[in-house]
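I have placed the structure first, in the form of structure tokens, so that the comments after it can refer back to it.
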């Protein structure tokens with residue numbers, strides 16, 4: 001399932017939070033959104049999955065405008081998952097992708113572990129690894145990657161994200177300032193411009209992705 005965000009802006013209390021953002025997630029692609037705290041990442045994501053403030057612009061799911069899709073139909077296609085913690089992480093892959101699908105689903109049944117029909121077409125993840133230790137961070141991103149479905153995730157750890165995602169968008173003050181593959185766009189200049197830190201970027205020695213040596 002393809003997601004396209006066209007020129008989306010969100011204003012809260014007369015303050016622009018998200019400014020003319022356009023992005024896309026192709027069918028089967030894992031895309032990450034990164035940026036400093038307060039850059040508008042979660043506000044943008046809430047607009048995309050329809051639980052945030054009103055927005056200007058268009059959000060298309062397989063070329064169908066989000067305003068034309070009922071909440072029930074949306075819940076059948078899109079799994080929206082927020083933050084995990086280590087005490088509540090005992091999920092199977094299919095349980096993870098079933099989270100947030102049906103507004104009437106109060107509990108996950110073990111019978112659903114073997115039901116292929118519950119696998120959503122798209123996952124939208126809002127900081128899913130924020131309160132997890134490294135073991136669980138790897139577990140959740142590896143599980144999502146191996147599903148092979150479309151996924152858009154707000155993430156914080158650049159190195160971790162670069163290992164799993166196909167493309168990254170960097171958001172700063174509500175505007176996308178860089179987009180592309182991690183290897184192409186994560187540079188010392190980007191770290192300085194977006195985060196205000198110095199660091200050397202090099203290919204990871206542990207496989208695909210990158211490593212960053214920050215100047216402390």
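Read-outs throughout are calculated quantities, based only on the coordinates presented, and are distinct from any laboratory measurement. Nothing here was measured: the structure is a model prediction, and the numbers come from that model. Neighbour counts run over all protein chains shown; Cβ positions are idealised from the backbone, glycine included.
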Revision key, fill the gap. Two pseudo-spin positions, 7 Å from Cα along C-beta at residue 130 and at residue 58, lie apart in nanometres by 3.1 nm
**Study point:** Exposure proxy ranking, count of Cβ atoms within 10 Å, fewest first, for 152, 190
**Key:** 190, 152
Check your understanding: In nanometres, what is the gap between the two model label sites at residue 142 and residue 200, each 7 Å from Cα along Cα-to-Cβ?
Key -> 2.9 nm
Exercise for review: Take the alpha-carbon centre of the stretch 129-154, take the same for the stretch 1-35, and report the distance between them in whole Å.
Suggested key: 20 Å
Practice item. Give the relative contact order (percent, whole number) for the stretch 146-216; include only Cα pairs under 8 Å separated by 6+ residues. Key: 24 percent
Revision key, fill the gap. Ranked on Cβ counts within 10 Å of their own Cβ, fewest leading, 169, 55 go 55, 169
Practice item. Please give the length that would be gained between residue 6 and residue 181 if that part of the chain were fully extended, namely 0.36 nm times their separation in residues minus their C-alpha to C-alpha distance (nm, one decimal). Key: 61.0 nm
Revision key, fill the gap. Quick note on 34, 45, 60, ordering by fewest other C-beta atoms within 10 Å, gives 60, 45, 34
